[in-house]
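Below is one structure, written out as structure tokens; the observations come after it.
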Amino acid sequence: MKSYAQLSKEELLALKGELEAEYREVKGKGLALDMSRGKPSKEQLDLAEGMLTILSTSGDTSAEGGLDCRNYGGPIGIPEARKLMGDIAGVPAENVVIHGNASLTIMFDTVSRSFSHGVLGNTPWAKLDKVKFLCPVPGYDRHFGITEYFGVEMINVPMTEDGPDMDIVEKLAAEDEAIKGIWCVPKYSNPQGYCYSDETVRRMAALKPAAKDFRIFWDNAYSVHHLYEGEENQAQILDILSECEKAGNPDMVYEFISTSKISFAGAGISAFISSKSNLDQIKEYMNFQTIGHDKLNQLRHVKFFKDADGVNAHMMKHASSLRPKFEAVEQVLEDSLGGLEIGSWTCPKGGYFISFDAMEGCAKAIVAKAKEAGVVMTGAGATYPYGKDPMDSNIRIAPSLPTPEELALAAQVFVLSVKLVSIDKLLEGK
């Protein structure tokens, strides 16, 4: 297929006329499709339907040791839930504290606690002149939202296929005591679907930051979210907790996981994973914050999944639903945009997103054009701190929620939007 850049002004104008007619036809269908967030579909949520009735009588509500999950007690989580979440993450249960339905809440609380009370005896961040964070980009908008809320200065670090550019991470962290942490989505990253290499994990664990209270915020959100069966098709990353211990930095990592995209997105369980010293501090904080999280929900998850093998088998059912959607979008992108040199995209083997890079200066216009035709996408710029993509090129595609029929229409709208906006961009230089 001929590159758009090779077309003459007359050819581009003729093509634009054809595409605008096609766009008007699609726009006339009155579509209302949502590809803005990585929401599980109804089909995926139905996979855990058995969890709704797995506790039916008072005889079902006791945890190990006889703890009645309907009552107070077990503030850090029932033992079997701690083991289940530990097994999913590949860490001992003793390093796990169970929380409510969202790991995002734990992340927010962790940043808040660092501002109000400091990290393991260090000066509370609120008393410092400046607090900075390293932000691999493109990245997760909700991470950036937390640090922006607290007035943290965010510093962009480019992502590579092996994870953040570690030369930059090592240099910045070592030079500036005001840099207190780094956001990480190490497995099937949001939005690119990249996975941290063994070298990246080891270099991350061996960081020598200037700040004694520097922490790696390790959001292992997609730890079991593979799209394909077979170990050869499933990414495996090193356990950051043990790597930090080996490197002599046992307290440097906070790990977060949840079942939000395993069981129910609004009613899962989450976990905070870290060293004994870090957990001791969070347990003290929890003594004042809560009498305990929902132990019945913890018990439901344990009884339904049983163990890590049960979780993995369940996630292959999710993959059966998600994989065709990812492949359909990737095929439309290849068939419609391949060779045109107006965009590139990732083809991840897990996670929830496809990352699309348009021509520089085109992302906002593409998202607006798609919305005009009835397809809502994540706002352009959302994958960068402060919502400011310096290249205005990155767009996050979330294929999970629409039905296959809706997805075909949404993909059609998206590629039309890309083509029309790209032609306008090229015509500016003709």
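The values are calculated or read from the model by the stated rules, or taken from the named source; none is laboratory data. Values in this document were obtained by computation on a predicted structure and should not be read as measured data. Don't worry about glycine lacking a Cβ; one is built from the backbone with ideal geometry, like all the others, and counts go over all protein chains shown. Side chains are part of the model used for accessible areas, which takes the heavy atoms of the whole protein and leaves out ligands, DNA and RNA. Shrake-Rupley method; radii C 1.70, N 1.55, O 1.52, S 1.80 Å.
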Exercise. State the answer as a single residue: which of Thr123, Gly74, Phe133 lies farthest towards the positive end of the charge dipole of region 64-166, with beta carbon charges of +1 for Lys and Arg and -1 for Asp and Glu, about the Cα centre.
Key: Thr123
Quiz item: If contacts are Cα pairs under 8 angstrom and at least 6 residues apart, what is the relative contact order of region 323-430 in percent?
Solution: 31 percent
Quiz item: Among bridges DSSP assigns within region 111-185, what percent are antiparallel (round to 5)?
Solution: 20 percent
Practice problem: Determine, at each q value in 0.16, 0.18, 0.20, 0.25 (inverse angstroms), the log₁₀ of I(q)/I(0) that the Debye formula gives when each Cα of region 203-293 is one equal point scatterer. | Solution: -0.82, -0.96, -1.07, -1.25
Quiz item: How big is the Kirkwood radius of region 241-327, worked out from every pair of different alpha carbons and given in Å to one decimal?
Solution: 15.5 Å
Quiz prompt | Cα-based radius of gyration of region 154-230 once divided by 2.2 N^0.38 Å, which approximates compact folds | solution = 1.14
Self-check item: Computed label-point distance, nm, for sites Glu245 and Ala5 using a 7 Å Cα→Cβ extension
Solution: 5.1 nm
Quiz item: Based on the mean of other beta carbon atoms within 10 Å per residue, what is the order of 259-268, 285-294, most packed first?
Solution: 259-268, 285-294
Self-check item: Dimensions (Å) - the chain, Cα atoms, principal axes, largest first
Solution: 76, 55, 37
Practice problem: Apply the Debye scattering formula to region 102-243, with a single equal point scatterer on each alpha-carbon and no solvent, then give log10 I(q)/I(0) at q = 0.20 Å⁻¹. | Solution: -1.28
Exercise. Given the peptides 209-222, 42-55, arrange them by the average over their residues of other C-beta atoms within 10 Å, most packed first.
Key: 209-222, 42-55
Exercise. Work out how far the C-alpha atoms of region 325-430 reach from end to end along every principal axis, then list the three figures in whole Å, largest first.
Key: 39, 31, 26
Quiz item: Are any of the pairs Lys349/Lys425; Lys27/Lys419; Lys2/Lys430; Lys364/Lys425; Lys371/Lys419 more than 22 Å apart by Cα-Cα distance, and if so, which?
Solution: Lys349/Lys425
Quiz prompt | Student exercise, region 71-151 dipole from Lys, Arg, Asp, Glu Cβ charges, in Debye to nearest 20 | solution = 200 debye
Quiz prompt | GNM result for the chain, Cα springs below 10 Å: residue of Pro138, Pro399, Pro324 fluctuating most strongly | solution = Pro324
Quiz item: What relative contact order, as a whole-number percentage, does the chain give when Cα pairs under 8 Å and 6 or more residues apart are counted?
Solution: 25 percent
Quiz item: Using only the Cα atoms of region 59-111, what do you get for the radius of gyration and for Dmax, in Å?
Solution: 12.3, 40
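Please get the size of the charge dipole for the chain, origin at its Cα centre, with Cβ charges of +1 on Lys and Arg and -1 on Asp and Glu, quoted in debye to the nearest 20.
Computed charge dipole of the chain: roughly 920 debye.
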Quiz item: Can you tell which of Pro136, Pro75, Pro40 shows the greatest fluctuation in a Gaussian network model of the chain with Cα springs below 10 Å?
Solution: Pro75
Exercise. Just report the Cα centroid separation between region 32-78 and region 287-337, whole Å.
Key: 13 Å
Quiz item: Just how far, in whole angstrom, is region 363-430 from region 154-225 if you go by their alpha carbon centroids?
Solution: 28 Å
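What does the accessible area per residue of region 273-338 come to in Å², with a 1.4 Å probe and no ligands, DNA or RNA counted? Each step should come with its number before you reach the end.
On the way: 2990 Å² over 66 residues.
Averaged over the residues of region 273-338, the accessible area is 45 Å².
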